[in-house]
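In what follows, a single structure is set out as structure tokens and then discussed.
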Amino acid sequence: MNGKRVLIAATIAACVAALVLAVQTPPERVQGDYAKLLFVHLPSVLGAYTAFAVGLVGSLIYLIRKNLTADRVAASSIEVGVVFTALVLVTGMIWGRPTWGVWWDWGDARMVSSAFMFFFYLGYLALRRGVTDPAVRARRTAVLGVLAFAQVPIVHFSVTWFRTLHQPATLLRPDVENAPIDPEFVTPLLVGLLAFLLLYLALTVTRYGLAVREDAQLAAEFGDELAGRAITEPRLGGAHG
Amino acid sequence: MGDPFVTAGYVLTYGALALYALSLVIRWRCSDRSDKA
């Protein structure tokens with residue numbers, strides 16, 4: 001519990017530092033203050049990528065070892081990742097309106113692939129809600145968690161593969177030493193990235209604790225009569241078969 | 001930071017994250033209460 005409090009305190013401190021640095025950063029030469037949206041947009045992207053990568057690892061571990069802890073970690077991480085992805089979409093739209101002149105462009109590869117990824121992972125959360133038996137739920141969502149991750153590289157490289165409205169990656173690129181970013185923007189961006197990684201950790205740890213508690217309540221309520229075990233499997237060959 | 005678009009971006013981002021964190025705390029408290037009931 002003490003470790004969790006330290007994590008929460010560090011997260012709050014990093015968020016305050018990120019906000020102060022963002023306010024103090026001078027306006028960008030072309031975009032003015034709009035460029036400061038980078039300090040929330042890019043950290044949200046990194047938070048989402050990290051969350052879905054942890055979701056992939058947790059899902060794979062579950063499929064190999066049938067470990068429910070790995071399943072809970074994957075589900076908790078993916079839920080937090082969905083929140084970050086929603087923020088990526090919203091901050092991207094808010095940034096796009098004054099700089100590109102549009103809130104949304106259905107022809108843009110990055111926007112459309114990000115939206116598709118968001119709704120796919122929402123489907124993951126919906127599937128989790130739809131199945132009560134922990135083992136059945138874990139198996140089905142683990143398969144979906146592995147399949148869903150295929151979209152992360154598609155979203156990331158969409159700006160390289162398709163030349164549409166969204167600009168290429170700023171930091172997450174092979175030639176990061178040639179990143180097109182002014183040194184004055186680097187420190188607030190790095191502090192923002194650290195703050196959002198800590199936020200991701202704090203939220204996932206909290207969500208994981210809640211998942212453990214929810215599963216314990218479910219087991220206490222239903223015991224061995226959970227849906228997956230209580231319902232007999234469908235068989236062909238009936239009156240209409 | 002005075003621009004409404006930039007302000008909206010920051011308020012929405014940090015506001016949404018704070019609301020999500022609050023929802024987790026509330027769910028935790030509610031499950032704690034139903035445990036004791």
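Tabulated data
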item	result
When residues of segment A:86-101 are limited to those that are in contact (Cβ under 8 Å) with a residue 40 or more places away in the chain and surrounded by fewer than 21 Cβ atoms within 10 Å (Cβ to Cβ), the one nearest to the other protein chains (Cβ to nearest Cβ)	A:Pro98
Selected residue [farther than 25 Å from A:Gln217 by Cα, aliphatic (A, V, I, L, M) and more than 22 Å from the chain's Cα centre (by Cα)] from A:Val136, A:Val88, A:Val102	A:Val102
Unmet requirement for A:Leu144, which otherwise passes all of (1) surrounded by fewer than 18 Cβ atoms within 10 Å (Cβ to Cβ); (2) touching a helix residue (DSSP H, G or I) at 6+ places or on another chain (Cβ under 8 Å); (3) closer than 23 Å to A:Ser77 by Cα	(1)
Cβ pairs under 7 Å, 6+ apart, first in segment A:60-73 and over 25 Å from A:Thr206 (Cβ atoms), second buried (at least 20 other Cβ atoms within 10 Å of the Cβ)	A:Leu63/A:Ala142
Residue, nearest to A:Phe39 (Cα to Cα), within segment A:126-136, restricted to residues that are aliphatic (A, V, I, L, M) and in a helix (DSSP H, G or I)	A:Ala126
Test result for A:Ala75, of a type in the set (Gly, Ala, Ser) and surrounded by 16 or more Cβ atoms within 10 Å (Cβ to Cβ)	yes
Residue within segment A:68-75 that is small (Gly, Ala, Ser) and within 28 Å of B:Pro4 (Cα to Cα) present	no
Filtered residues of segment A:114-137 (kept if at pLDDT 95 or above and among the small types (Gly, Ala, Ser))	A:Ser114, A:Ala115, A:Gly123, A:Ala126
Test: A:Val83 is facing chain B (nearest Cβ under 9 Å), over 19 Å from B:Phe5 (Cα atoms) and β-branched (Val, Ile, Thr)	yes
Segment B:6-18 residues that are closer than 20 Å to A:Leu198 by Cβ, paired with ones that are surrounded by fewer than 20 Cβ atoms within 10 Å (Cβ to Cβ) (beta carbon under 6 Å, 6 or more apart)	B:Leu12/A:Val90
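Okay, residues lined up against (1) aliphatic (A, V, I, L, M); (2) part of a helix (DSSP H, G or I):
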residue	(1), (2)
A:Tyr124	no, yes
A:Ala138	yes, yes
A:Leu144	yes, yes
A:Leu147	yes, yes
A:Pro153	no, yes
A:Thr160	no, yes
A:Thr164	no, no
A:Pro168	no, no
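The values are calculated or read from the model by the stated rules, or taken from the named source; none is laboratory data. Predicted, not measured: the structure shown is a model, and the values here were computed from it. Positions of Cβ are backbone-derived with ideal geometry, glycine not excepted, and every protein chain shown enters the neighbour counts.
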